[in-house]
Amino acid sequence: CHAPLAQAQAIVTAELEQFQDRLSRCTLHCNDKAKDALEAGDAEARVRGQLDACLATCGDDHLRLVPAMAKKMKDSLAALQQ
């Protein structure tokens, strides 16, 4: 009786890990861009603003992925019941 619960948990965990990995890669890209800009001599205040904007874009882009991710999890979980 534990198997369906374990399968459901694995589905949800895998989706959330993939989402978190994608968001992490996006933020790492922003950090790399900021570091490169600082090393190129850009002003710290300007770089901070660019970093904040880049991170906000990452957040917004990934928030838009949540409905599709939720649907995919819901469909996968429904398939377990069949």
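Would you say ALA45 is open to solvent by less than 60 Å² (accessible area, probe 1.4 Å) and part of a helix (DSSP H, G or I)? Considered against the rule, which asks whether it is open to solvent by less than 60 Å² (accessible area, probe 1.4 Å) and part of a helix (DSSP H, G or I), ALA45 comes out as no.
Checked against (1) open to solvent by 80 Å² or more (accessible area, probe 1.4 Å); (2) hydrophobic (A, V, I, L, M, F, W, C); (3) under 30 Å from LEU5 (Cβ atoms), LEU77 meets all criteria but (1). Residue-level check: of (1) in contact with a Pro (Cβ under 9 Å, 6 or more places away or on another chain); (2) exposed (fewer than 11 other Cβ atoms within 10 Å of the Cβ), PRO67 misses just (1).
For SER24, state whether it is of a type in the set (Ser, Thr, Tyr), in contact with a helix residue (DSSP H, G or I) (Cβ under 7 Å, 6 or more places away or on another chain) and part of a helix (DSSP H, G or I). So SER24 fails the test.
Filtering segment 13-32 to residues that are farther than 12 Å from HIS62 by Cβ and surrounded by 14 or more Cβ atoms within 10 Å (Cβ to Cβ) leaves GLU15, CYS30. Pairs meeting the criteria (first residue in segment 60-76 and under 22 Å from ALA10 (Cβ atoms), second residue of a type outside the set (D, E, K, R) and open to solvent by 60 Å² or more (accessible area, probe 1.4 Å), beta carbons under 9 Å, at least 6 apart or on different chains) are MET69/LEU16; MET69/GLN18; MET73/LEU16. Looking at segment 7-18, is at least one residue without any contact (Cβ under 8 Å) to a residue 24 or more places away in the chain and outside any helix (DSSP H, G or I)? Scanning segment 7-18 turns up no residue that is without any contact (Cβ under 8 Å) to a residue 24 or more places away in the chain and outside any helix (DSSP H, G or I).
Condition first: open to solvent by less than 60 Å² (accessible area, probe 1.4 Å), in contact (Cβ under 8 Å) with a residue 40 or more places away in the chain and in a helix (DSSP H, G or I). Can you find one or more residues in segment 48-58 that meet it? So far as segment 48-58 goes, no, none of its residues is open to solvent by less than 60 Å² (accessible area, probe 1.4 Å), in contact (Cβ under 8 Å) with a residue 40 or more places away in the chain and in a helix (DSSP H, G or I).
The values are calculated or read from the model by the stated rules, or taken from the named source; none is laboratory data. On a predicted model such as this, the values are computed, not experimentally measured, just so you know. Cβ coordinates were reconstructed from backbone atoms using ideal geometry, including for glycine residues, and neighbour counts include every protein chain displayed. Protein only, heavy atoms only, side chains kept; ligands, DNA and RNA dropped before computing areas. Shrake-Rupley method; radii C 1.70, N 1.55, O 1.52, S 1.80 Å.
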